[in-house]
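Chemist: Just dropping this structure here.
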Amino acid sequence: MKIYTKTGDNGTTALFGGTRVPKHHIRIESYGTVDELNSHLGLIRDQDINEDYKELLTEIQHKLFTVGAILATDPEKAVLKNGKDRLNIEKISIKDIERLELAMDSMNEALPEMTHFVLPGGHQTVSFCHIARCVCRRAERLATALNDLEPFEANALKYLNRLSDYLFVLARKLSLDLQANEIKWIPEKY
C-alpha cells in the first residue's frame, strides 16, 4: 500500500465517514495537535526515565489515538445505518481519567509544596515534558472550540484537560528525580 494518495493535493482531507474538509478545518487542527502531542510524549518516553513513567506514557499514547479518532469522525456519520458506532473501539472512560489522577496523586506525595509558578526547564527531559504540556493545552483549546461547534464525547475533552495537569506534575516529578533545579517565578515588585 502506498502512503501517498494524492487526494489531498487540493487542500482537503477526509474524515472518518468520508466527508472531505479543508486541511485547515478546526477538526483537522484539533486531531493534528493531538498527534503532535503524541509525538512529544514519544520523545519523553525515549528519555532515561523511570520505567513506570514510560509504561503510563505508552498507555497515554494509545488513548491519544482514541481521542484523535473521535475528533476525526464526522459527527453526522458517527453512527452507521445499522445503528452501530462507526468507531468500533473502546472510548475514553472515567477510569482512564482516574488513572491520570491517581498517577498525579502518587507523584505529588513526593513533591515539595508548590508556592509559586515554576519556570519551564532545568533539564532537557523536564523541558520536553513542559513542551508536551503546552501542546496538550493547545490541543485542549482547539478541541474545546470544536466541541462548541460540533459536540463530541465529553470524556475525550476531560482526558485532555487532565493530561495537561498530569504532564505538569510529571515535569515537577522529573525535576526531583533528575535533581534538576526548579526555578520559582517570583515577580519583581515596583
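The values are calculated or read from the model by the stated rules, or taken from the named source; none is laboratory data. Fair warning: this is a prediction, and the values are worked out from it, not measured in the lab. Counting neighbours? That spans all protein chains shown, and the Cβs are built from the backbone with ideal geometry, glycine included. These area figures cover heavy atoms from the full protein model, side chains too; ligands, DNA and RNA do not enter into them. Shrake-Rupley method; radii C 1.70, N 1.55, O 1.52, S 1.80 Å.
Chemist: Could you please tell me which pairs satisfy a Cβ distance under 7 Å, a separation of 6+ or placement on different chains, a first residue in segment 115-141 that is without any contact (Cβ under 8 Å) to a residue 60 or more places away in the chain, and a second residue that is in a loop (DSSP other than H, G, I, E, B) and open to solvent by 80 Å² or more (accessible area, probe 1.4 Å)?
Modeler: Pairs that qualify, where the first residue is without any contact (Cβ under 8 Å) to a residue 60 or more places away in the chain and the partner is in a loop (DSSP other than H, G, I, E, B) and open to solvent by 80 Å² or more (accessible area, probe 1.4 Å), are S127/P120; H130/P120.
Chemist: For segment 1-17, what are the residues that are open to solvent by less than 50 Å² (accessible area, probe 1.4 Å) and either closer than 18 Å to N147 by Cα or outside any strand (DSSP E or B) (or both)?
Modeler: So in segment 1-17, the residues open to solvent by less than 50 Å² (accessible area, probe 1.4 Å) come out as 8, 11-15, 17.
Correct list: G8, G11, L15, G17.
Chemist: Please state which one of N50, N82 is modelled with pLDDT under 95 and either open to solvent by 50 Å² or more (accessible area, probe 1.4 Å) or out of contact with any Ser or Thr (no Cβ under 9 Å at 6 or more places or on another chain) (or both). Let's see the steps before the verdict.
Modeler: Values: N50 fails: modelled with pLDDT under 95.
The unique qualifying residue is N82.
Chemist: Only one of (1) acidic (D, E); (2) farther than 30 Å from N181 by Cα; (3) open to solvent by less than 90 Å² (accessible area, probe 1.4 Å) is not met by D105, so which one is it?
Modeler: Against the list (1) acidic (D, E); (2) farther than 30 Å from N181 by Cα; (3) open to solvent by less than 90 Å² (accessible area, probe 1.4 Å), D105 comes up short only on (2).
Chemist: Still on this model: Does T73 count as at pLDDT 95 or above and buried (at least 17 other Cβ atoms within 10 Å of the Cβ)?
Modeler: Values: at pLDDT 95 or above: no; buried (at least 17 other Cβ atoms within 10 Å of the Cβ): yes.
No; evaluated as a whole, the condition is false for this residue.
Chemist: With respect to E55, is the statement that it is among the charged types (D, E, K, R) and surrounded by 11 or more Cβ atoms within 10 Å (Cβ to Cβ) true? So that I can check it myself, show each step before the final result.
Modeler: On the way: among the charged types (D, E, K, R): yes; surrounded by 11 or more Cβ atoms within 10 Å (Cβ to Cβ): yes.
Considered against the rule, which asks whether it is among the charged types (D, E, K, R) and surrounded by 11 or more Cβ atoms within 10 Å (Cβ to Cβ), E55 comes out as yes.
Chemist: From the list T125, T144, T115, which one is open to solvent by less than 40 Å² (accessible area, probe 1.4 Å), polar (S, T, N, Q) and under 30 Å from P187 (Cβ atoms)?
Modeler: Working: T144 fails: open to solvent by less than 40 Å² (accessible area, probe 1.4 Å); T115 fails: open to solvent by less than 40 Å² (accessible area, probe 1.4 Å).
The conditions single out T125.
Chemist: Further question: Restricting attention to segment 148-190, and to residues there that are among the charged types (D, E, K, R), touching a Lys or Arg at 6+ places or on another chain (Cβ under 8 Å) and more than 15 Å from K63 (Cβ to Cβ), which single residue is surrounded by the most Cβ atoms within 10 Å (Cβ to Cβ)?
Modeler: E182
Chemist: Say we look at segment 93-102 and pick out the residues that are of a type in the set (A, V, I, L, M) and open to solvent by 70 Å² or more (accessible area, probe 1.4 Å); which of these is farthest from T66 (Cα to Cα)? Spell out how you get there, then give the answer.
Modeler: Taking segment 93-102 as the starting set, the residues that turn out to be of a type in the set (A, V, I, L, M) are 94, 97, 100, 102.
Those left that are additionally open to solvent by 70 Å² or more (accessible area, probe 1.4 Å): 94, 102.
Details: I94: 14, L102: 21 Å.
Applying the filter and picking the extreme gives L102.
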